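The block underneath contains the structure these notes are about, expressed in structure tokens.
The values are calculated or read from the model by the stated rules, or taken from the named source; none is laboratory data. All of these numbers come straight from a predicted model, not from anything done at the bench. As a convention, Cβ positions derive from the backbone with ideal geometry for all residues, glycine included, and neighbour counts pool all protein chains shown. We work out accessible area using only protein heavy atoms, side chains counted, and drop any ligands, DNA or RNA first. Shrake-Rupley method; radii C 1.70, N 1.55, O 1.52, S 1.80 Å.
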Amino acid sequence: HPVLVNFLYKIVWESDNATAWWTAAFSLEHLGLEEAINLLKRTLKTSKLNTIREYIDCISDRKSIIAILILSNTENIQSEIYPALKKVLTTSSNINELINSSYLIGRLQLFDTEIIEKLISLSQSKDYEVRHNMIFALQNSPIEIFRNTLENMLNDPDPLIRKMASAGLGNIGNKRSLGKLENALLIEK
């Protein structure tokens, strides 16, 4: 419906509320109209950006995620972004910080043994939003070590978790999980 679409675009371009801004963009993506991250990047590029350090210090704000993606380059990913995100992920108990840091870790493919262990641990969280976002980071990472975790998630009662697990196994590739994916497809409702 055009009124809804116009309303969502208005939120993306004019809202000061980072959660509304983020949600509206992903709603437009869900409707098949725009790729959310590209849309969010375009909206932030119209304003003056702060330093990468300021966005890292405000990692609980969703606008910081997009600003970090815009400002990231090979040099600052290794020198600033990776160490800061690892510290947040492994030491913070703030849900928004955990979610946002895991999103960036998955998007920028910043994995080491400690980060992998933490993501796998948090993917078992009772908090749905934390669990969902940790699995999102795992699904976009074609790393063999995530295979068993993703295979186990094929039996999760939540259909979105099963979908992300399937996508993650597809990203890992090869025929090793083919039987598990076929069995999951047969029982899927």
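Side notes on the structure shown:
- Note on the range 76-189: with neighbouring protein chains present and a 1.4 Å probe, carbon and sulfur make up 53 percent of its accessible heavy-atom surface.
- Which of 58, 82, 68, positive extreme of dipole for the range 41-104 (C-beta unit charges): 68
- Column: log10 I(q)/I(0), Debye, Cα scatterers of the range 1-73, q = 0.14, 0.15 Å⁻¹: -0.42, -0.47
- Reported to the nearest whole Å, the Cα centre-to-centre distance from the range 168-189 to the range 11-26 is 35.
- Farthest towards the positive end of the charge dipole of the chain, among the residues 161, 15, 181, is the Cα of 181, using unit charges on the Cβ of Lys, Arg, Asp and Glu.
- Per residue value of the accessible surface for the range 63-158 (all protein chains in place, 1.4 Å probe), Å²: 45
- When nucleic acids and ligands are ignored and a 1.4 Å probe is applied, residue 71 ends up with an accessible area of around 50 Å².
- Förster radius 35 Å - calculated FRET efficiency between residue 7 and residue 87 (Cβ-Cβ, nearest 0.05): 0.35
- Separation of the alpha carbons by more than 25 angstrom is noted, of 86/126; 63/86; 10/63; 10/126; 126/163, for 10/126.
- Net charge dipole size for the range 59-101 [Lys, Arg +1 and Asp, Glu -1 on Cβ; Debye, nearest 20]: 100
- Stretching residue 78 away from residue 127 to a fully extended chain increases their span by 14.6 nm, per 0.36 nm per residue minus the current alpha-carbon distance.
- With all pairs of different C-alpha atoms in the average, the Kirkwood value for the hydrodynamic radius of the chain is 17.6 Å.
- When the helices of the chain are scored as -39500 (n - 2.57) per DSSP H run of n ≥ 4 and the total is divided over every residue, the value at 222 nm lands at -20500 deg cm²/dmol.
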